[in-house]
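Just below is one structure, and these are the notes that go with it.
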Amino acid sequence: MNDLFASDKGQPAYVKAVLPTRFPQDSRLNGEWDDEQNPKMPLTTKSVGDAWANHTMTLVIDIESGKVQDWNEGDVAEINNKVVDMGIYSILNKDGDEITVIEGDYVPDALQIDDEGYGDYVHITIQGDGYIKKWSPLKVQELYKR
């Protein structure tokens, strides 16, 4: 990670989190529990060929503001997804090019805002405007303290 700020790669602008989801029914969308068989959570797709996770949520988050790209305006999500060490976390520049990637690591502290989760769970609330509640613009290195 020492090359995160290399001038040829551009400055970090986004965190991309690809989150295989084990228990989508532990999350709420607009106050309603999600459905394990047919999750309604935005930015979630059905996983193919993965016996461990039925669905995958992909979030691209502006590092400075905490805004989730392409979030459905008006939707409020309380996300409590078990990911364990199966997530893929990338740092992207402003053009969306990957600067670095960490695969199969524990959930970064930045995505455990609402509860500690011990690195196994993503615990965040995405507000109706697409911003993650209590997000603080952390230095990129701090996103991966584990």
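From the cross-link list 46/67; 16/94; 40/94; 16/133; 46/133; 46/82, which pairs have alpha carbons spaced over 19 Å apart? Before the final figure, lay out each step's value.
Details: 46/67 24 Å; 16/94 12 Å; 40/94 29 Å; 16/133 17 Å; 46/133 26 Å; 46/82 16 Å.
Among 46/67; 16/94; 40/94; 16/133; 46/133; 46/82, the Cα-Cα distance tops 19 Å for 46/67; 40/94; 46/133.
Extending 7 Å from Cα along the Cβ direction at residue 37 and again at residue 95 yields two label points whose distance is 4.6 nm.
For the peptides 33-43, 53-63, the ranking by packing is 53-63, 33-43, with the highest mean count of neighbouring Cβ atoms within 10 Å listed first. For segment 12-135, with the dipole built from +1 on Lys and Arg beta-carbon atoms and -1 on Asp and Glu ones, taken about the Cα centre, which of 106, 58, 83 lies farthest toward the positive end? Projecting each Cα onto the dipole axis, the largest value belongs to 58.
Read-outs throughout are calculated quantities, based only on the coordinates presented, and are distinct from any laboratory measurement. On a predicted model such as this, the values are computed, not experimentally measured, just so you know. Please note: Cβ atoms are built from the backbone with ideal geometry, for glycine as well, and neighbour counts cover all protein chains shown.
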